[in-house]
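This report refers to the structure that appears directly beneath it.
Read the figures in this text as sums done on the coordinates, not as results from a lab. In this text the structure is predicted, and so the values were computed from the model without any measurement. Cβ placement follows ideal geometry from the backbone for every residue including glycine, while neighbour counts extend to all protein chains displayed.
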Amino acid sequence: MTNRKLYAAILAVACVGVALTVPDARAQTANESAYLAGVHKHQLLGSTVPANGDQNPYAMVVVPVTSGTVQKDDLLVDNFNNRNNLQGTGTTIMDYRPSTGQMSVFATIPHDLPGCPGGVGLTTAMVMLKTGWVIVGSAPSTDGTTKTLGRGCLIVLDSAGKVASTIAGPEIADPWGNMAWIDNGQSATLFVSNAGFGIGAPGQPVQNSATVLRLGLTIPAGQPPQVTSKTIIGSGFGAQADSSVFLIGPTGLTLGGNGALYVSDAIGNRVVAIPDAATRTDSAGTGRVVSQGGLLNRPLAMDMAPNADLLVVNGLNGQVVEIDPATGKQRGAQWIDADEAQTPPGSGDLFGIVVNPNGKGFYYVEDDVNAIVLAH
């Protein structure tokens, strides 16, 4: 049993936020001026496996406000698989509290939820607004494969983890990628990728059908968010069913200060930019290529570092890649999951990533051990 597997066993039994510092034996290739150059330690914080056995942590969101059962700067993490490790069947959202190191269940959503076509399987699409509402995506299955893929929906929960409503419609098909958003309090704008259009069983060709959807929301006092507009601002992205990872499609979405929405296009092995994301009235197609190939190896979740560089985790190895979005230069990469049980090490283990609100390091999930890790 490797050190990582031993840690995983300890965490799975305790299901508490015991901090275990992993010696930093990972090769760091970021240049000295890069944000990753200052990251040296990787600390396992807690298991994301609740009592019902859900696993495969996906989305990560830092809580912006104390409300209901959560506190500001808590970390919400959802699960995509159930206790039998069937993909597209996870229904739980976990709450990790950095101030105490405790892990608890924030929400358990019924798998058969009225208003969510096909059921519930929680994806990397999740946000918590300043008004306390949580919105999370579903790409559901009944057998763990895309043979039974439903259209899914966005699920709205209150700050105590109770389901309040759902958002569905013809523009929504398996909300997949981690959301970007603009939060103005009584109104908000969400950006989410939809990867389920035309997707069949594993082995079918790539479908250039995935979209990036902008949702306008109004948030009446004491009521769930209401959709006021739906605009497709990106289209033609590749998506494909996969027997090992369920679904491959555009995953990371991050807003830049220049008004561009950066999108990690997993099948295109690139990061692209959609200009004027908050105001455009049409689709920019697949946007402008920012960076492609090189250190990228099926880019998935993405966030922006304090130095305005993009941090992108790879799906086909255990690295996070740092990119200067202004120039497209790949400033380096770091192994954050070096589990040699996979080939290459860490392949298929990384999904969610979010920068620590104090600006010092970032959180990420390791699916191989179902745990949250702090890199700092």
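Structure data summary
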item: Under 5 Å, built H, 5+ apart or other chain: amide partners of A180; result: F191
item: Inter-label distance for S283 and T100, nm, one decimal - labels placed 7 Å from Cα along Cα-to-Cβ; result: 4.7 nm
item: Using θ = phi - 60° and Karplus 6.51 cos²θ - 1.76 cosθ + 1.60, couplings along region 51-61 (whole Hz; Gly, Pro as x); result: 4, 7, x, 3, 8, 6, x, 10, 7, 9, 9
item: Net lengthening on full extension, T108/N85 (0.36 nm per residue, minus Cα-Cα); result: 6.6 nm
item: Rel. contact order, % - alpha carbon contacts under 8 angstrom, at least six apart, the chain; result: 14 percent
item: Theoretical ellipticity at 222 nm over the chain - DSSP helices of four or more residues, -39500 (n - 2.57) apiece, nearest 500; result: -1000 deg cm²/dmol
item: Packing-based exposure ordering (other Cβ within 10 Å, fewest first) of S47, S243; result: S243, S47
item: Point-charge dipole on Cβ atoms (K/R +1, D/E -1) for region 3-375, about Cα centre, debye to 20; result: 300 debye
item: Using a Förster distance of 41 Å, the FRET efficiency for Q186-T148 (Cβ separation, nearest 0.05); result: 0.55
item: Estimated FRET transfer efficiency when R0 is 35 angstrom, pair T327-V65 (beta carbons, to 0.05); result: 0.50
item: Sites A341 and A221 - FRET efficiency at Förster radius 51 Å, r taken between beta-carbons, to 0.05; result: 0.50
item: Along principal axes, Cα extents of the chain, largest first, whole Å; result: 49, 45, 42
item: Gain in span if fully extended, D73 to N307, counting 0.36 nm per residue against the direct Cα distance; result: 82.2 nm
item: Extension gain (nm, one decimal) between N52 and A37, 0.36 nm per residue minus Cα-Cα; result: 1.5 nm
